[in-house]
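Since the structure comes first, as structure tokens, the remarks are kept for the end.
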Amino acid sequence: MPPLQSAIDLGALARHLDGTGSAEDRVAVEAWIGADPARRAAVATLQAAWDTDARRLGAPYDVDAAWSRFETRYGGPKRSGRWNLPIAAAIVAAVIGAGAAWWLGRDAQSVAQAPVMREYATPRGRRAVLRLLDGTEITLNADSKLRAPVTFGARQRDVYLEGEAYFSVVHDAARPFIVHTVSSAIQDIGTRFGVHAYGDAVRERVAVVEGAVALAGTPLRAGQVATRSRTGTIRVLRHARVTDEVAWTKGRLVFSSVPLEEAAERLGRWYDLDVRVTDPALARRPVTGSYGDEPVAQVLTLITAAVGARYEWQGRAVTISTTQRAR
């Protein structure tokens, strides 16, 4: 296990928590927390505390102003410097208050006793069903990863998702079940729900089939679908159908006014292909359709015909272009 003293730019960490970080910030933080499950768990918990304080204050944090307040109040190192984890945690605790102080106390005990993690992964073109020791059943969509402790803790059950999964959770009010993604956390309240959280997704999606969940503190009930942007904006979709969102668990791909570019990404994962759209304007055209066990060539033919395009094969790569540019 890498030592927890490995350097992290605390300014990048703060902007990551605040949702205002750059692509470089995100890469740096992801590389750091990805090296150790204990780091990811600690930062996810800190994210929840940060979000709670932000909601309490009624506004997002001004990260630069927060650093200025810290430097003025505590006279500590400048934000351009680098610190190890204990110092970083102390500074963040000082900046955001009691919520992070609670995390700091918890982390001091939990990091030394980091749980043994197990990773479940599906390749492109495959799905898998797994059952955790608490009885929770999880269906993983193609090209997805889920990390979970071999044994859950006494206070809560944390799992970590990159990709898409459907959860049928065995509810336990004394030990809430929390799904952590790159930018948010979803807590069950007696629930069956789907989460779409691939690393390259602009927005994460949560669809509640039964019961309720809390998405970064925002309650969602059965029948609701919501998205959360990288900046933390949560939007409940009025006309989305929950059954469409989780149709993949039944072996169907359902698109409802989905941009062609997004549909191409989903087709690529589903059929294990590299599907690309050459024209940005074409990539924005909406796609609507429902597909089951049809051959991929038939699906591509139907979709491209609907948007006025054509496709070409080259090995396992498929290029979609407008008919005007086709050779």
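The values are calculated or read from the model by the stated rules, or taken from the named source; none is laboratory data. From a predicted model like this one, the values you see are computed outputs, not experimental measurements. Cβ: placed from backbone, ideal geometry, glycine included. Neighbour counts: every protein chain shown. Calculation scope for accessible area: heavy atoms of the full protein, side chains included, ligands and nucleic acids excluded. Shrake-Rupley method; radii C 1.70, N 1.55, O 1.52, S 1.80 Å.
A few remarks follow.
- All conditions in (1) assigned to a strand (DSSP E or B); (2) open to solvent by less than 70 Å² (accessible area, probe 1.4 Å) hold for Gly135, with the sole exception of (1).
- Checked against the criterion of being part of a strand (DSSP E or B), within 24 Å of His171 (Cα to Cα) and over 11 Å from the mean Cα position of the chain (by Cα), region 195-203 contains not a single residue that satisfies it.
- Unique residue being buried (at least 19 other Cβ atoms within 10 Å of the Cβ), in contact (Cβ under 8 Å) with a residue 40 or more places away in the chain and under 26 Å from Glu30 (Cβ atoms) when the list is Ala226, Ala264: Ala264
- Counted residues, region 111-132 - those being assigned to a loop (DSSP other than H, G, I, E, B) and open to solvent by 50 Å² or more (accessible area, probe 1.4 Å): 6
- Ala185 being touching a helix residue (DSSP H, G or I) at 6+ places or on another chain (Cβ under 6 Å), surrounded by fewer than 22 Cβ atoms within 10 Å (Cβ to Cβ), in contact (Cβ under 8 Å) with a residue 60 or more places away in the chain and closer than 19 Å to Gly34 by Cβ: yes
A quick yes/no check of all residues on (1) hydroxyl-bearing (Ser, Thr, Tyr); (2) within 30 Å of Gln47 (Cβ to Cβ); (3) modelled with pLDDT of 95 or more:
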| residue | (1), (2), (3) |
| --- | --- |
| Thr218 | yes, yes, no |
| Thr233 | yes, yes, no |
| Asp244 | no, yes, no |
| Asp272 | no, no, no |
| Asp293 | no, no, no |
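- Which numbered condition Gln298 misses (of (1) open to solvent by less than 20 Å² (accessible area, probe 1.4 Å); (2) not aromatic (Phe, Trp, Tyr); (3) not in a strand (DSSP E or B)): (1)
- Residue within region 229-245 that is touching a Gly at 6+ places or on another chain (Cβ under 8 Å), open to solvent by 40 Å² or more (accessible area, probe 1.4 Å) and either hydroxyl-bearing (Ser, Thr, Tyr) or within 24 Å of Arg127 (Cβ to Cβ) (or both) present: yes
- All positions within region 138-159 that are open to solvent by less than 30 Å² (accessible area, probe 1.4 Å) and of a type in the set (S, T, N, Q): Thr139, Asn141, Ser144
- Here Ala281 passes the criteria (1) within 16 Å of Arg124 (Cα to Cα); (2) loosely packed, with under 15 Cβ neighbours inside 10 Å except the one numbered (1).
- The number of residues in region 186-208 being under 13 Å from Leu220 (Cβ atoms) and either touching a Phe, Trp or Tyr at 6+ places or on another chain (Cβ under 6 Å) or at pLDDT 90 or above (or both) comes to 12.
- Scanning region 150-194 for residues being part of a loop (DSSP other than H, G, I, E, B) and on the phi < 0 side of the Ramachandran plot gives a total of 21.
- Residues (open to solvent by 10 Å² or more (accessible area, probe 1.4 Å) and under 13 Å from the mean Cα position of the chain (by Cα)) located in region 167-182: Ile178, His180, Thr181, Val182
- Close pairs from region 29-53: first over 22 Å from Thr231 (Cβ atoms), partner modelled with pLDDT of 70 or more and in a helix (DSSP H, G or I), Cβ under 6 Å, at least 6 apart: Arg39/Ile33
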